[in-house]
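A short write-up of the structure that comes next.
The values are calculated or read from the model by the stated rules, or taken from the named source; none is laboratory data. Worth saying up front: this structure is predicted, and the values here are computed from it rather than measured. Cβ coordinates were reconstructed from backbone atoms using ideal geometry, including for glycine residues, and neighbour counts include every protein chain displayed. Remember, those area values only see protein heavy atoms, side chains included, never the ligands or the DNA or RNA. Shrake-Rupley method; radii C 1.70, N 1.55, O 1.52, S 1.80 Å.
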Protein chains: 2
Amino acid sequence: MRAPEPMVEIHRGPFVESQHMGHAVVCDSSGGIVDAWGDPDAVVLPRSSSKMIQALPLVMSGAAKAFGLGPDRLALACASHQGAPLHVEAVNAWLAELGLDGDDLICGTEASRDKALRFEMIRSDQKPCRVHNNCSGKHSGFLTLTKHLGAGPDYVDLLHPVQKAVREAFETVTDAESPGFGIDGCSAPNFATTMHGMARAMAFFASAGQRSDAMSSAAEQLTEGMIAYPELVAGETRACTGLMRAAKEPVAIKTGAEGFFVAIIPGRGLGVALKIADGATRASNCAIAAVLVRLGVLEAENPEVKRFLNPPVTNWDGLVTGDIRPVAGLCDQ
Amino acid sequence: MRAPEPMVEIHRGPFVESQHMGHAVVCDSSGGIVDAWGDPDAVVLPRSSSKMIQALPLVMSGAAKAFGLGPDRLALACASHQGAPLHVEAVNAWLAELGLDGDDLICGTEASRDKALRFEMIRSDQKPCRVHNNCSGKHSGFLTLTKHLGAGPDYVDLLHPVQKAVREAFETVTDAESPGFGIDGCSAPNFATTMHGMARAMAFFASAGQRSDAMSSAAEQLTEGMIAYPELVAGETRACTGLMRAAKEPVAIKTGAEGFFVAIIPGRGLGVALKIADGATRASNCAIAAVLVRLGVLEAENPEVKRFLNPPVTNWDGLVTGDIRPVAGLCDQ
């Protein structure tokens with residue numbers, strides 16, 4: 001078992017004040033490791049970075065087609081959106097088409113992460129609802145599949161047909177039996193795998209266009225949806241959205257809680273998985289940008305890339321007191 | 001240089017999802033190391049954990065006495081308060097006694113961390129002001145000393161008499177020349193030292209009652225103020241306040257940004273300094289509780305201690321999905 005490696009530093013004045021360690025693996029379409037940091041065999045919970053895997057049964061089953069879901073809806077099924085009006089309206093419309101509403105979601109309530117909407121809701125004494133939850137698109141996908149299968153309403157139960165299909169898809173694309181699961185922030189099971197398994201899964205998505213089986217076709221459609229609708233995958237000012245827009249070639253980029261990130265690079269059949277060992281998002285944002293600069297997908301000097309790769313640390317009075325940066329060499333090709 | 005050691009684990013289901021490493025040193029009144037984790041020679045910025053050191057000149061100069069500051073004001077000078085009405089009213093009263101107001105503070109504005117007040121201010125379209133900043137008590141102390149010295153208004157300048165006095169006090173109690181400083185969140189210089197230096201400083205405070213020099217007398221008064229007014233040092237639901245109240249013997253406990261914590265245990269002349277290498281507060285809260293359980297200052301089964309030592313991780317729907325816990329052995333005496 002290899003220890004995680006230093007990946008990101010927090011500088012203040014002349015000092016490295018804090019440091020983040022992590023694991024990362026880049027796989028090619030054969031599932032082989034092209035590059036790695038830390039321990040490729042580390043067992044991890046990919047959290048929301050596995051949403052495109054969790055959406056595979058939605059497409060493979062024919063449910064997405066039966067309900068006429070376009071690429072925007074597929075992007076939303078893979079999203080950790082910020083509950084901005086854009087996302088709330090889209091999820092509400094999707095649920096209405098299913099003859100359902102927010103009360104049918106099992107994801108719990110979360111305040112909108114869109115500041116304007118959050119403040120507006122506080123001012124007008126509106127409580128956050130389940131549609132504002134960042135996972136409400138994924139859950140709308142689960143509900144669509146549930147309806148298509150004529151299954152019961154408890155679609156997050158491990159033995160529900162939806163989760164059984166998710167587990168099967170997960171084990172197929174990671175090419176390994178999952179060692180178990182944790183319950184995610186939105187109450188769905190989140191299946192565990194290794195860093196190598198997760199990078200292999202992303203390489204499966206990246207190389208899906210080279211194959212013609214049903215799972216590959218589903219993976220390709222989901223990847224295309226994410227790439228076509230970056231604003232639905234996260235939202236304005238967020239890393240997934242900003243980095244996808246800034247990329248020099250089509251790439252799907254997806255964060256997960258506790259410092260996870262994945263990237264799918266279809267033009268090269270490459271998949272990337274990254275986990276900051278301590279779970280910090282400020283570090284996973286920086287490190288995924290660094291790895292993608294290293295791969296030539298992102299340009300280090302692009303202002304939108306710099307916002308995550310090398311952001312200033314500012315204080316309460318707006319002074320720049322330091323910066324966040326990848327460790328020396330991480331960006332180097 | 002020794003690497004930081006594993007201190008805190010984040011569990012989800014059967015998995016360790018994330019892990020936090022750190023440094024910690026316990027010193028006795030001679031400045032000798034009683035116990036240590038990680039690297040005692042690691043250079044660190046103690047951030048707000050150095051507030052009681054930054055307040056030494058306020059007392060030593062005679063300014064605190066001249067302006068009639070009681071132990072509550074001394075506690076506030078050492079505080080990272082949450083800007084609750086209690087703190088806001090106390091700081092406003094203090095500034096008024098100086099013939100000053102919030103605009104004289106140089107700490108920047110920060111929204112109140114007290115949810116009820118923050119929501120009330122959003123509803124009534126009030127903007128956060130400098131008095132709500134968690135450092136406004138420290139800055140009121142700086143202003144008191146500035147007025148006592150008849151010095152200029154830019155009291156956070158490195159060459160201002162206030163900061164020169166702070167640096168001298170810092171180097172005396174850490175017993176080492178500071179290798180430099182960073183600019184803190186509140187724009188004041190934050191002087192660097194080693195983990196050993198910071199633990200030595202806390203042991204100086206803890207053993208101050210055994211000596212009769214002016215700096216020791218000031219250290220004793222500040223420690224007594226913090227212990228007498230735990231609710232002013234942080235606030236309801238916060239770790240400093242909760243752990244001080246739960247302690248089996250008098251102890252001053254103070255957090256700092258980027259995963260710092262210190263403790264002063266006067267009954268034993270012991271000082272503790274702790275830094276989570278990645279800067280996470282969830283981990284520093286847990287680790288300081290663990291070290292104080294190990295020392296017998298806190299009781300692991302006390303519900304208020306458990307809130308920080310071993311809190312559940314809950315999800316958006318309120319389900320317990322895991323927990324935060326110290327690594328095996330950290331609490332053991």
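Can you give the calculated 222 nm mean residue ellipticity of chain A, where each DSSP H run of n ≥ 4 adds -39,500 (n - 2.57) and the sum is split over every residue, rounded to the nearest 500 deg cm²/dmol?
The helix-only estimate for chain A comes to -11000 deg cm²/dmol at 222 nm.
Considering the dipole of chain A built from charges on the beta carbon (Lys and Arg +1, Asp and Glu -1) around the Cα centre, which of A:P179, A:P250, A:A208 is farthest to its positive end?
Value computed over the given set: A:P250.
Which of the helices in chain A, when you take each full DSSP H run, stretch at least 15 Å along the axis at their Cα atoms and have an average Kyte-Doolittle score of -0.5 or higher?
Sorted by number, the helices that extend far enough and score high enough are A:85-97, A:136-149, A:161-174, A:195-206, A:214-228, A:281-294.
A:E17's amide H: which non-local residues (gap 5+, or another chain) put their own amide H closer than 5 Å, with H modeled 1.01 Å from N in plane and none for Pro or chain starts?
Those lying under 5 Å, H to H, from A:E17 are A:I10, A:H11, A:R12.
Using each residue's phi in region A:56-70, evaluate 6.51 cos²θ - 1.76 cosθ + 1.60 at θ = phi - 60° and report the 3J(HN,Hα) Karplus result to the nearest Hz, with x for Gly and Pro.
Running phi through 6.51 cos²θ - 1.76 cosθ + 1.60 with θ = phi - 60° gives 4, x, 4, 7, 4, 6, x, 4, 4, 5, 4, 9, x, 6, x Hz.
How about region A:140-203: which GluC sites (Glu not before Pro) there are in a DSSP loop, with at most 15 other Cβ atoms within 10 Å of their Cβ? Walk me through the numbers before you get to the answer.
Numbers: sites: A:E168, A:E171, A:E177; in loops: A:E177.
Hits after loop and neighbour filter: A:E177.
Residue by residue, what Karplus-based ³J(HN,Hα) values in Hz, rounded to whole numbers, does region A:322-331 have, using 6.51, -1.76 and 1.60 with θ = phi - 60° and x for Gly and Pro?
These are the phi-based 3J(HN,Hα) values: x, 7, 9, 8, x, 4, 3, x, 4, 7 Hz.
Under 20 Å from the Cα of B:K248, which aspartates and glutamates turn up, not counting those fewer than eight places away in the same chain?
Result set, ordered by chain and number: B:D28, B:E220, B:E224, B:E231, B:E236, B:E299, B:E301, B:E304, B:D332.
With labels modelled as points extended 7 Å from the Cα through the Cβ direction, what inter-label distance (nm, one decimal) is found for B:D323 paired with A:S217?
Once both label points are built, they end up 4.9 nm from each other.
Distance in nm between label sites at B:T281 and A:A3, each 7 Å beyond Cα in the beta-carbon direction?
Each label point is offset 7 Å from its Cα along the Cβ direction, giving 2.8 nm.
Quick one: with label points 7 Å out along Cα→Cβ, list the inter-copy distances for A:A96 in nm, shortest first?
Output for A:A96: 5.3 nm, nearest copy listed first.
In terms of the Cα gyration tensor, with a ≥ b ≥ c the square roots of its eigenvalues, is region A:1-116 rounded because a/c is under 1.5, prolate because a/b exceeds b/c, or oblate?
The shape class here is oblate.
For chain A, what value does the Rg/Rh ratio take when both radii are computed over Cα atoms and Rh is the Kirkwood radius, given to two decimals?
With Rh from the inverse mean 1/r over Cα pairs, Rg/Rh is 0.96.
Taking the Cβ-Cβ separation of B:T109 and A:L98 as r and a Förster radius of 51 Å, what is the calculated FRET efficiency to the nearest 0.05?
Given R0 = 51 Å and the Cβ-Cβ separation, E is 0.65.
In the protein assembly as shown, which cysteines lack any other cysteine Cβ under 4.7 Å from their own?
Result for the protein assembly as shown is A:C27, A:C78, A:C129, A:C240, A:C286, A:C331, B:C27, B:C78, B:C129, B:C240, B:C286, B:C331, no neighbouring Cys Cβ within the cutoff.
For region A:296-333, state which residues have at least 10 Å² less accessible area in the presence of all protein chains than in their chain by itself, taking the probe as 1.4 Å and leaving out ligands, DNA and RNA.
The answer is A:N315, A:W316, A:D317, A:L319, A:T321.
Distance cut-off 24 Å, Cα to Cα: go down the list A:K138/B:K115; A:K115/B:K115; B:K51/B:K306; A:K65/A:K164; A:K65/A:K138; A:K306/B:K275 and report the pairs above it. Don't skip to the answer; put the middle values down first.
Working: A:K138/B:K115 30 Å; A:K115/B:K115 15 Å; B:K51/B:K306 26 Å; A:K65/A:K164 20 Å; A:K65/A:K138 16 Å; A:K306/B:K275 28 Å.
Violating the 24 Å Cα-Cα cut-off are A:K138/B:K115; B:K51/B:K306; A:K306/B:K275.
For B:D125, go 7 angstrom from Cα along the Cα-to-Cβ vector, then report the distances to that same point in the other copies in nm, smallest first.
Output for B:D125: 1.9 nm, nearest copy listed first.
Check which residues have an amide H placed less than 5 Å from A:N133's amide H, if you skip close sequence neighbours.
Distant-sequence amide H within range of A:N133: A:E110.
Amide H to amide H, which residues 5 or more places from B:T314 or on other chains are under 5 Å from it, using H placed in the peptide plane?
Under 5 Å from the amide H of B:T314 lie the amide H atoms of B:T321, each far enough along the sequence or on another chain.
Hey, what's region A:204-333 come to in accessible area per residue, 1.4 Å probe, Å²? Don't skip to the end; give the middle numbers.
Numbers: 4560 Å² over 130 residues.
Result: 35 Å² per residue.
Place the label 7 angstrom along Cα→C-beta at B:K248 and in each other copy, then list the distances from the first to the rest in nm, shortest first.
When each copy's label point is compared with this one, the spacings are 6.2 nm.
What is the Rg over Rh value, at two decimals, for the protein assembly as shown, using alpha-carbon atoms and the Kirkwood definition of Rh? Display every interim value, and only then the final one.
Working: Rg = 26.3 Å, Rh = 26.1 Å.
That ratio is 1.01, to two decimals.
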